[in-house]
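The values are calculated or read from the model by the stated rules, or taken from the named source; none is laboratory data. Note that the structure is a prediction, hence the values are computed from the model and not measured. We place every Cβ from the backbone using ideal geometry, glycine too, and count neighbours over all the protein chains shown. Side chains included, ligands, DNA and RNA excluded: accessible areas come from the protein's heavy atoms. Shrake-Rupley method; radii C 1.70, N 1.55, O 1.52, S 1.80 Å.
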Amino acid sequence: MREFQMLQFDDVRVELMRWQLGGSTGMYPTELTAEWVGDPRWKKNEFPTGTPGSPVLSRRIADVLRDDLEQAGRLLPVRIEKAAADEYLLYLVERVADCLDMERSSPPDQLGRVQRSVFRPEAVPVDVPAFRSTGFPTAVCWNGWAVERLTALLGDQLEVRLVWSEDPALVPHHNPWGF
């Protein structure tokens, strides 16, 4: 984490998590409000949220990646005080895949987070930039090719943490969902 301002959501994140936990059926929140946190002298991050289930992108990044992003979800405007409308967008990932091997993954903690994920490679939807797993539906997992594109656009504004890989030489982050 560098010296960038981040966004903090109001209580709407709870509604979003309920939608995710409920199988992504019914109504999801469409009115999202957030505020900037961090030193006001710091630059505003273009990927300004550290919450695994609710990635936010600047309009610039969303426009560059829009065709890919919309294959797995939709972009919803985030209202931020003193910001232009639609300057930042929440990426609501609707694509859910039954790809988490629950027997080989660590059991979920009290918040439902799976710290050590093991995926079934044949079930991972590699054709989309991001997806959510039925075993941990409140977290958005990004495919490697999408992470490469995001990193090329964002540079040091993005902290990348490996959750899982088929390659045994690659070691997943010890705490992929925490600080």
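Figure legend. Inter-residue proximity from the range 67-86: first residues closer than 16 Å to residue 6 by Cβ, second residues in a strand (DSSP E or B) and open to solvent by 40 Å² or more (accessible area, probe 1.4 Å), beta-carbon distance below 7 Å, spacing 6+ or different chains. Indicated pairs: 80/35; 80/36; 81/35.
Here is a check on your reading of the model: is residue 156 free of Cβ contacts under 8 Å to residues at least 60 places away in the same chain, of a type in the set (Asp, Glu) and not in a strand (DSSP E or B)? Spell out how you get there, then give the answer.
Values: free of Cβ contacts under 8 Å to residues at least 60 places away in the same chain: no; of a type in the set (Asp, Glu): yes; not in a strand (DSSP E or B): yes.
Against the criterion (free of Cβ contacts under 8 Å to residues at least 60 places away in the same chain, of a type in the set (Asp, Glu) and not in a strand (DSSP E or B)), residue 156 does not qualify.
Determine if the range 107-114 includes at least one residue that is of a type in the set (S, T, N, Q), under 25 Å from residue 146 (Cα atoms) and open to solvent by 70 Å² or more (accessible area, probe 1.4 Å). No, the conditions are met nowhere in the range 107-114.
Would the range 20-42 turn up any residue that is under 14 Å from the mean Cα position of the chain (by Cα) and more than 15 Å from residue 81 (Cβ to Cβ)? Give the derivation first.
Keep residues of the range 20-42 that are under 14 Å from the mean Cα position of the chain (by Cα), which gives 20.
Subset that is more than 15 Å from residue 81 (Cβ to Cβ): 20.
Scanning the range 20-42 turns up at least one residue that is under 14 Å from the mean Cα position of the chain (by Cα) and more than 15 Å from residue 81 (Cβ to Cβ).
Restricting attention to the range 163-179 and to residues that are open to solvent by 60 Å² or more (accessible area, probe 1.4 Å) and aliphatic (A, V, I, L, M), the residue that is farthest from residue 138 (Cα to Cα) turns out to be 169. Of the strands (runs of 3 or more DSSP E) lying entirely inside the range 1-85, the ones with 1 or more residues being of a type outside the set (Gly, Ala, Ser) and open to solvent by 40 Å² or more (accessible area, probe 1.4 Å) are found at 4-9, 32-37, 73-80. Which one is nearest to residue 68 (Cα to Cα), of the residues in the range 96-131 that are of a type outside the set (Phe, Trp, Tyr) and in contact with a Lys or Arg (Cβ under 7 Å, 6 or more places away or on another chain)? So the residue we want is 128.
Can you report the number of residues in the range 128-153 which are part of a loop (DSSP other than H, G, I, E, B) and closer than 17 Å to residue 56 by Cβ? Break it down into steps so the answer makes sense when it comes.
Filtering the range 128-153 for residues part of a loop (DSSP other than H, G, I, E, B) gives 128-129, 134-135, 143.
Going one step further and asking which of them are closer than 17 Å to residue 56 by Cβ, we end up with 129.
Counting residues in the range 128-153 that are part of a loop (DSSP other than H, G, I, E, B) and closer than 17 Å to residue 56 by Cβ gives 1.
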